[in-house]
1. Tell me, which residue of the range 134-168 that is in contact with a helix residue (DSSP H, G or I) (Cβ under 7 Å, 6 or more places away or on another chain) and of a type in the set (Val, Ile, Thr) is surrounded by the fewest Cβ atoms within 10 Å (Cβ to Cβ)?
2. Go through the range 77-90 and report how many residues are out of contact with any Gly (no Cβ under 6 Å at 6 or more places or on another chain) and closer than 19 Å to Ile117 by Cβ.
3. Does any residue in the range 222-243 that is without any contact (Cβ under 8 Å) to a residue 12 or more places away in the chain come within less than 8 Å, Cβ to Cβ, of a residue that is surrounded by fewer than 24 Cβ atoms within 10 Å (Cβ to Cβ) six or more places away or on a different chain, and which pairs are these?
4. Which residues, counting only those in the range 193-224, are within 16 Å of the chain's Cα centre (by Cα) and more than 14 Å from Ala46 (Cα to Cα)?
5. Checking Ala336 against (1) surrounded by 15 or more Cβ atoms within 10 Å (Cβ to Cβ); (2) in a helix (DSSP H, G or I); (3) over 23 Å from the mean Cα position of the chain (by Cα), which single condition isn't satisfied?
6. Can you name the residue in the range 198-229 that is closer than 19 Å to Lys36 by Cα and polar (S, T, N, Q) and, of all such residues, is surrounded by the fewest Cβ atoms within 10 Å (Cβ to Cβ)?
7. For the range 201-217, give me the residue count where each residue is out of contact with any strand residue (DSSP E or B) (no Cβ under 7 Å at 6 or more places or on another chain) and either at pLDDT 95 or above or within 13 Å of Leu66 (Cβ to Cβ) (or both).
8. Name the single residue, out of those in the range 254-286 being in a helix (DSSP H, G or I) and without any contact (Cβ under 8 Å) to a residue 60 or more places away in the chain, that is nearest to the chain's Cα centre (by Cα).
Amino acid sequence: MRVPFVDLKRQYENHRESLDGAIAAVIEETAFIRGKYVKAFEDEFASAMGVEHCVSCANGTDALYLGLRMLEMEPGDEVITTANSWIATSESITNAGGVVVFVDTDDATFNMDVKKIEEKITKRTRAILPVHLLGQSADMTAIMDLAGRHGLAVIEDCAQAHKATWGGQKVGTFGSVGTFSFYPGKNLGAFGDAGAIITNDGELARRMRTLANHGAEAGSKHSHIVEGINSRLDGIQASVLSAKLPHLGDWTKGRREAAAKYGSELSTVSEVRVPVIAEEAESVFHVYSILADDRDGLQEYLSDEGIATSRHYPTPLPFLEAYRYLGHTREEFPTASRHQERMLSLPIYPEITDEQIGYIAERIGKYYKR
């Protein structure tokens with residue numbers, strides 16, 4: 001049996017008619033840049049998230065950048081974030097004018113260890129940037145408490161956590177802004193790059209929209225009040241996202257059922273630790289990462305058995321070549337260092353079958369019994 005890591009073709013085939021119709025409508029009206037389809041998706045996503053404003057943009061990295069630019073950082077200003085994420089998180093801090101400060105991860109959830117944040121706060125700290133990694137919310141109770149006591153902004157990276165919750169509240173609605181990616185493989189994915197920022201602050205929304213439009217306010221093509229960037233969600237991607245959004249609840253349910261099936265099937269494999277979900281969190285399981293003994297050997301074996309896997313992420317951010325100048329050591333990030341040798345992500349998507357999960361679990365058990 002062959003099991004892909006993600007099966008976007010099956011999702012498309014299940015919704016071919018509505019998706020083809022969404023694309024055809026945009027082509028028919030040549031509404032390729034901004035326009036009514038973009039506005040419609042912004043309104044729909046804001047409503048789905050329970051916020052006042054959604055500012056769409058070209059991708060999730062731009063969403064982070066636009067949100068961070070609202071801090072108007074000066075040289076030396078710092079933003080604290082997790083040691084385990086995609087580089088988009090940390091590079092956006094630097095590109096927005098800040099200094100990235102990394103915090104080690106929590107052993108149970110893989111998110112940033114909130115107990116390690118306060119020791120990293122200095123007089124130059126401007127914000128905390130939690131990443132809701134793999135579909136599970138970071139500890140937003142502790143993060144918001146720290147931010148409140150120290151007068152810090154909170155920018156939430158929700159690229160992997162569409163409609164995940166902490167204490168019943170959706171991620172992206174705790175801080176000043178929440179940023180989202182709609183990369184094709186995300187829980188809500190476009191047919192190319194796409195992103196958005198959500199907020200309840202109308203002035204922030206106006207400023208981010210202006211910055212994303214070459215520094216020109218809405219309706220003004222040649223009057224630029226600041227230097228901005230060109231970051232626009234195009235009409236086709238917006239229309240595709242509008243067609244997919246009504247299915248997000250069912251897709252999330254499917255992911256949770258798949259995660260529960262994995263947990264049951266792997267419960268007797270002592271060499272594997274399945275994901276740990278915090279009591280206050282409701283994960284959307286964008287990724288299903290286990291901790292596995294002899295991870296590299298297991299990954300090679302599963303590949304030979306037709307099972308695609310991945311690593312999220314093989315190198316913690318502080319140890320990338322891009323951050324060598326910070327001089328970090330493994331001793332500073334002991335948990336992230338341990339996890340980088342053991343984390344393995346298994347296939348998970350709404351369309352994955354019980355038979356496929358059973359096959360994967362059976363092969364994992366067989367590997368350790370050899």
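1. Val154
2. Restricting attention to the range 77-90, the residues satisfying the condition of being out of contact with any Gly (no Cβ under 6 Å at 6 or more places or on another chain) are 78, 80-90.
With closer than 19 Å to Ile117 by Cβ added as a condition, the list becomes 78, 80-85, 89-90.
Adding up the residues that qualify gives 9.
3. His222/Ala216; Ser223/Ala216; Ser223/Glu217; His224/His214; His224/Gly215; His224/Ala216
4. Asp193, Ala194
5. Checking Ala336 against (1) surrounded by 15 or more Cβ atoms within 10 Å (Cβ to Cβ); (2) in a helix (DSSP H, G or I); (3) over 23 Å from the mean Cα position of the chain (by Cα), the one that fails is (3).
6. Once the filter is applied, the top-ranked residue is Ser220.
7. Total satisfying the criteria: 6.
8. In the first step, residues of the range 254-286 are kept if they are in a helix (DSSP H, G or I); the result is 254-265.
Filter once more, keeping what is without any contact (Cβ under 8 Å) to a residue 60 or more places away in the chain: 256-257, 260, 263-264.
Numbers: Arg256: 17, Glu257: 20, Ala260: 21, Gly263: 22, Ser264: 26 Å.
Among them, the one singled out is Arg256.
The values are calculated or read from the model by the stated rules, or taken from the named source; none is laboratory data. Computed from a predicted model, the values in this text were never measured in an experiment. Backbone-built Cβ (ideal geometry, glycine too); neighbour counts: all protein chains shown. Quick note on the areas: whole protein, heavy atoms, side chains included, nothing else; ligands and nucleic acids left out. Shrake-Rupley method; radii C 1.70, N 1.55, O 1.52, S 1.80 Å.
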